[in-house]
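Before any comments, here is the structure.
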Amino acid sequence: MSYISFQDVYFSYQGSADDSVRAVNGVSLDIEKGKVTAILGRNGSGKSTMAKLINGLLIPAKGKVYVDGIDTADEDRIWDIRSQVGMIFQNPDNQIVGTTVEEDVAFGPENLGVPYDELHKRVAEALEQVSMSEYAKSAPNMLSGGQKQRVSIAGILAMHTNCIVMDESTAMLDPAGRRDILDLVMSLNRDKGITVIMITHFMDEAALADKVVVVGDGVILDQGTPKEVFAHRDLALKAGLDLPPVNNILYELSKTFKDIDITALTMEEATEQVVKALAQN
C-alpha cells in the first residue's frame, strides 16, 4: 500500500460567482514511503495545490487523499496527518512564528502536546540535525534565507514527522543556499528514511528524485524515474519545463553522434557518453 494516495481527486479555486479554476482535475497518484518524489510543472499547473491536499490544508471537492491510510477529509484525524507530514513553503519569512530559533522549532511539537522535558530534548536534537544549534537563542529575522529554511526543517523534525513536503522551498534562495537545503533534505531521506516530496520547477532537483511526476493544467502528464521522464523530451518541453543543461548538451551532440544516451543525469554520465561516442567515430 502506498504511503500517500490520490484517488481520482478534484479541487477547484472559486473565482467569480460564475467562474472557477479547476486546479486538480481527476488526479490519481501513489507515493511510496521512504522515497523522494519530485512533482514538476509550470506556474499554475496544480502542483502546489497537490502539496496542500497532502497536508490537509485543502480538502478535495471530489475523490480522496490518504496519508498512511488516513483520509485527509476526516476532521478527527487532521492532527494525526499534520504530525506525519510537515510542509516547507517558498518564503522563509512566512513560516517564522517564534521570537527565537528554539521557540520557533518548539511551536509544532508544543501544539501536539509534547511534554516539556521531551519538547526540550526534541528541539535540541532537531537543531543539531540541521546544524543550527549555535543559533538556538538567535532571533530568526537575523538569519539568512537558507538558515530560516533549516529552522523550518528543524521544526518538522521536532514533530517526529515521517514526511517533508517542500513547496518550492528553494525558489527564493541563492544557489549556495539552495544546494545546502537540498543536501540536508537528501541526507534526511538517506539516513533517516524520511519521505520527501519536492514541488519544484528546477530540473536539477528533480534529477535527485526516485520518481518524477509532471503536472499540467491539473492533470498528470507523465511519471516515472528521472531518466524515463527526461527521455520524453517533447512532452517535457510542451509542459513548459526546462530540461537539465546536461540533457540539452547531449541532445545537441546526438544530432552528430549516434547512440548517445540523452537521459544522463550527471556530468560524469555525460562525459562517459561523449567519450564513448568519440571512440566509435
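Each value in this text was obtained by applying a stated rule to the coordinates, not by laboratory testing. Treat the numbers as computed from the prediction; the structure is a model and nothing was measured. Using ideal geometry, Cβ is built from the backbone for each residue, glycine included, and neighbour counts are taken over all protein chains shown.
Residues whose amide H lies under 5 Å from that of residue 144, counting only those 5 or more places away or on a different chain, are absent; hydrogens are built 1.01 Å from N in the peptide plane.
The charge dipole of the stretch 73-116, taken about its Cα centre with unit charges on the Cβ of Lys, Arg, Asp and Glu (plus for the first two, minus for the last two), comes to roughly 100 debye. Per-residue 3J(HN,Hα) values for the stretch 108-120, derived from phi via the Karplus relation 6.51 cos²θ - 1.76 cosθ + 1.60 with θ = phi - 60°, read x, x, 5, 6, 8, x, 5, x, 4, 4, 5, 4, 4 Hz in sequence order (x marks Gly and Pro).
Based on Cα atoms of the chain, Rg over Rh with Rh as the Kirkwood radius reads 1.01.
Ranking 154, 176, 225 by how far each Cα lies toward the positive end of the dipole of the stretch 139-246 (charges on Cβ) leaves 154 at the top.
How large is Rg/Rh for the stretch 137-205, to two decimals, with Cα atoms and a Kirkwood Rh? Dividing the radius of gyration by the Kirkwood radius yields 0.95. Near residue 219, the amide H atoms lying under 5 Å from its own belong to 25; only residues 5 or more places off or on other chains count, and H is placed 1.01 Å from N.
For the chain, DSSP calls about 55 percent of its internal beta bridges antiparallel.
Past 31 Å, Cα to Cα: identify those pairs from 33/276; 35/64; 47/255; 64/211; 52/238; 35/137, in the order given. Pairs exceeding the cut-off: 33/276; 47/255; 35/137. With equal scatterers on the alpha carbons only and no solvent term, can you work out the Debye log10 of I(q)/I(0) for the stretch 86-154 at 0.16, 0.23 1/Å? Treating every Cα as an identical point scatterer, log10 I(q)/I(0) equals -0.46, -0.97. Only helical runs count toward this figure. For the chain, summing -39,500 (n - 2.57) over DSSP H runs of n ≥ 4 and dividing by all residues gives -12000 deg cm²/dmol at 222 nm. Ordering 186, 200, 215 by Cα displacement along the dipole of the stretch 181-221 toward the positive end leaves 186 in first place; charges were set at the Cβ atoms of Lys, Arg (+1) and Asp, Glu (-1). The charge dipole of the stretch 19-100, taken about the Cα centre with unit charges on the Cβ atoms of Lys, Arg (+1) and Asp, Glu (-1), comes to about 340 debye, rounded to the nearest 20.
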